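Data first, discussion second: the structure below is written as C-alpha cells.
The values are calculated or read from the model by the stated rules, or taken from the named source; none is laboratory data. What you see is a predicted model; the values in this text were computed from it and never measured. For neighbour counting, all protein chains shown are included, and Cβ atoms are generated from backbone atoms with ideal geometry for every residue, glycine included.
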Amino acid sequence: MADVAFQKCINPSCGAEFDCGQAIFKCPSCGDLLDAQYDWDKVPVPAKLGDFGARWATRPNRLDFSGVWRFRELLNFCSDEHKVSIGEGQTILQQNCAIAEHLGMQSDRLHLQYEGLNPSGSFKDNGMTAAFSHAMLVGARSCACASTGNTSASVALYAHSCGLKCTVFIGSGRIAFGKLSQAMDYGAQTIQIQGDFDDCMKQVQAVCTQLGLYLLNSLNPFRLEGQKTIMYRIIEGLGWEVPDWIVVPGGNLGNSSAFGKAFLELKALGLIDRVPRLAIINATGADTLTDLVNNKKLAWNGGNVDQQIIDDYYADLTARNFSPHTCASAIEISRPVNLKKCLRALDVCDGVVRAVTDEEICDAKALIGAHGLGCEPASAATIAGLKHLLAEGTIGKDQRVACVLTGHVLKDPNVTVNYHKDRQGEFSNPPVEAPNDLSAIIKLIR
Ligand SMILES: *Cc1c(COP(=O)(O)O)cnc(C)c1O
Ligand SMILES: [Zn+2]
C-alpha cells in the first residue's frame, strides 16, 4: 500500500509529504498536523457506497465483520495482514421518535449513532483499530497515550490484543471511574500526572520522542482515518443517503476533523452528491473552539489559519492559569490538538459551533437514558446542543439530524448517580427508600 498512501502536512505553504512507513505525527519541517492521503486513482474504490453493504453477507471474514474495515478501500494505508481488529464498529444508527418529539422535531428526523457499543465502550475504537494497524505496519513494540479516559481504555485494549506494551497518562483526579477501571483491567501501565489533560498531552509527546514509543493520541493521523467510518455507517443507516446535519461533541476535535475529511473525500470521489452540515458542541467550561470560531472569527481560510489568534488565546489561558472544567470529562480540553483540521471540517461542512452548560448536558443525558440509550455526559452534549440549534432556527424541525453518542453510560457512573440521587435536574429519578415490609412496598409502586 505504500505506493497509494502517504502522509501530507496540512499547511498549504509547506505541504511536505512522507511515506506511511514512518511514525512521525507532526510535520518535521513546519510542526503542523499531518493527514493520511491517497493516490485515489490507484485505489480500487467501489463504484457506489452501497457496494460496501454487500460485505454484510461475508461477515465470517474478520475484515468484513469490522465496521471500520468493511470500508477499507477508503482508508487504504496498510495491507490486510497488518490490519488489527477486535470487532469494532458494530454500531448502528437508531431513529429516536420520542426524543425528537420532546425536542419539537418531526418525529422521524432524529437519529442517534450509538458508538457506546464498541468493544471498549466508546467511539475511540474506530480510530484505534486503524492506528494499531499502522503501529503493526511500522513494527512498533510499545505505545503510549495521554487521555481523559476513553483513549486510555481503548489503547489498553488494542495494545494487549496485538501484543504491544502500553503506558497511559491521565490527569490526577480527572478521570471517570469506568474508564480508569478499563485501563487497569486491560493491563496498561497507568501513570497519573499531577495536572490536567493538556499537561499530560505535553508530557506524553516528549516521552514518546525520547523513548521511541508509538503515540496514540488523535495527533496520530491514522486514528482519524478509522473515525471516518462513523460517517459511512450513518450514511449506511440512512439507506446510503446523507443527513442534513451531523451533531458531535468537541474535545480534542479528532472526530469532527475526521468527519470533515470523510465528507470531503466522499464528495471528491463522487460517492455522495452533497455534504451535510456539521454542528460541534463544546461544554461551556471548555469552550476554546466556540470562543475562537464565534468570537475571534478564527477560520480555515484555505489553510492559511491565523496562528496569531491561536497563540494569543493560549497565552491568555496560560496567563490566567486557566484549567477547563466540565462534568463531561471526555471534552474537558482547552487546547484541542486537532484545532486546525477541525477548522477545515467546519469549512467543508459549513459547520457551526456551540457551547452548552453542564446542567444542560446532564438533563440531555437523562433524557437520552429515559428513551432507550444510555450515554456518557460528553455524548449528551449533542442533544443539548441540538436543542439550542433548533431554538435559534439554525436546524429546522424537519431536517434530518444524526447525533453521535460517543460513549457508553457505564463509563461515568458517578455523574449519573449524583444527577439522580441528588435531584439535580428535571429528569432526576432517585431511588425510593422503603421499609422491609410488603404492604408498604406495594403502596410505593407507581
Ligand atoms: C474522546 C471523546 C470525545 C471527544 O472527541 P474528540 O474527537 O476529542 O473531539 C467525546 N466523547 C467521548 C465519549 C470521548 O471519549
Ligand atoms: Zn509542514
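Okay, residues lined up against (1) under 23 Å from Trp40 (Cβ atoms); (2) within 16 Å of ligand 1 (Cβ to nearest atom):
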{"position": "Glu236", "(1), (2)": "yes, no"}
{"position": "Pro243", "(1), (2)": "no, no"}
{"position": "Val248", "(1), (2)": "no, yes"}
{"position": "Asn252", "(1), (2)": "no, yes"}
{"position": "Arg277", "(1), (2)": "no, no"}
{"position": "Ala299", "(1), (2)": "no, no"}
{"position": "Asp306", "(1), (2)": "no, no"}
{"position": "Asp311", "(1), (2)": "no, no"}
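A Cβ distance below 7 Å, combined with a sequence gap of six or more or placement on separate chains, defines the contacts here; from segment 7-22, residues that are more than 15 Å from Asp39 (Cα to Cα) and in a loop (DSSP other than H, G, I, E, B) reach residues that are of a type in the set (Asp, Glu) and more than 10 Å from ligand 2 (Cβ to nearest atom) in the pairs Ile10/Asp35. Within segment 187-204, the set of residues being without any contact (Cβ under 8 Å) to a residue 60 or more places away in the chain and either assigned to a strand (DSSP E or B) or closer than 24 Å to Arg141 by Cα (or both) comprises Gly187, Ala188, Gln189, Thr190, Ile191, Gln192, Ile193, Cys200, Lys202, Gln203.
Looking across segment 384-407 at every residue that is crowded, with 24+ Cβ neighbours inside 10 Å and in a loop (DSSP other than H, G, I, E, B), the one that is nearest to ligand 2 (Cβ to nearest atom) is identified as Thr406.
Among the residues of segment 19-30, write down those that are within 11 Å of ligand 2 (Cβ to nearest atom) and within 19 Å of Leu213 (Cα to Cα).
Across segment 19-30, the qualifying residues are Ile24, Lys26, Cys27, Pro28.
Taking segment 122-147 as the range and being within 11 Å of ligand 1 (Cβ to nearest atom) and within 12 Å of the chain's Cα centre (by Cα) as the test, the residues that pass are Ser122, Phe123, Lys124, Asp125, Asn126, Gly127. Selection within segment 251-283: residues that are touching an Asp or Glu at 6+ places or on another chain (Cβ under 7 Å) and closer than 15 Å to Cys403 by Cα. The member of this set that is surrounded by the fewest Cβ atoms within 10 Å (Cβ to Cβ) is Arg277. The single condition among (1) crowded, with 21+ Cβ neighbours inside 10 Å; (2) in contact with a Pro (Cβ under 8 Å, 6 or more places away or on another chain); (3) outside any strand (DSSP E or B) that Ala36 does not satisfy is (3). Filtering segment 399-444 to residues that are under 20 Å from Leu103 (Cβ atoms) and among the small types (Gly, Ala, Ser) leaves Ala402, Gly425, Ser428. Candidates in segment 325-342 are the residues that are in contact with a Phe, Trp or Tyr (Cβ under 8 Å, 6 or more places away or on another chain) and away from ligand 2 (no atom under 16 Å from the Cβ); of these, the one that is nearest to Ala384 (Cα to Cα) is Glu332.
Does Leu34 satisfy the condition of being more than 16 Å from ligand 2 (Cβ to nearest atom), within 27 Å of Ser154 (Cβ to Cβ) and within 21 Å of the chain's Cα centre (by Cα)? Spelling it out, it is not the case that Leu34 is more than 16 Å from ligand 2 (Cβ to nearest atom), within 27 Å of Ser154 (Cβ to Cβ) and within 21 Å of the chain's Cα centre (by Cα).
Within segment 234-250, the set of residues being out of contact with any Asp or Glu (no Cβ under 9 Å at 6 or more places or on another chain) and part of a helix (DSSP H, G or I) comprises Ile234, Glu236, Gly237. Which is more than 16 Å from ligand 2 (Cβ to nearest atom), modelled with pLDDT of 95 or more and surrounded by fewer than 21 Cβ atoms within 10 Å (Cβ to Cβ), of Ala364, Ala381, Ala370, Ala355? Within the list Ala364, Ala381, Ala370, Ala355, the selection yields Ala370. Residues being under 17 Å from the mean Cα position of the chain (by Cα), farther than 28 Å from Phe322 by Cα and not β-branched (Val, Ile, Thr) are represented in segment 390-404 by at least one member. The residues listed here are Cys30, Cys78, Cys20, Cys9; of these, the one that is away from ligand 1 (no atom under 16 Å from the Cβ) and surrounded by fewer than 16 Cβ atoms within 10 Å (Cβ to Cβ) is Cys30. Look through segment 322-364, keep the residues that are assigned to a loop (DSSP other than H, G, I, E, B) and of a type in the set (Gly, Ala, Ser), and return whichever of them is nearest to Leu219 (Cα to Cα). It comes out as Ser334. Scanning segment 266-315 for residues that are farther than 22 Å from Val356 by Cβ and not small (Gly, Ala, Ser) yields a total of 20.
Taken together, the residues in segment 154-177 that are closer than 17 Å to Ile193 by Cα and either without any contact (Cβ under 8 Å) to a residue 40 or more places away in the chain or within 16 Å of ligand 2 (Cβ to nearest atom) (or both) amount to 7. Exactly one residue out of Lys387, Lys365, Lys397, Lys443 is without any contact (Cβ under 8 Å) to a residue 40 or more places away in the chain, out of contact with any strand residue (DSSP E or B) (no Cβ under 7 Å at 6 or more places or on another chain) and not small (Gly, Ala, Ser), and it is Lys443.
The set of residues from segment 270-319 being touching a residue at least 40 places away in the same chain (Cβ under 8 Å) and β-branched (Val, Ile, Thr) comprises Ile272, Val275, Ile280, Ile281, Thr284, Thr288, Thr290, Val293. Across segment 23-50, the number of residues qualifying as touching a residue at least 60 places away in the same chain (Cβ under 8 Å) and of a type in the set (Gly, Ala, Ser) comes to 3.
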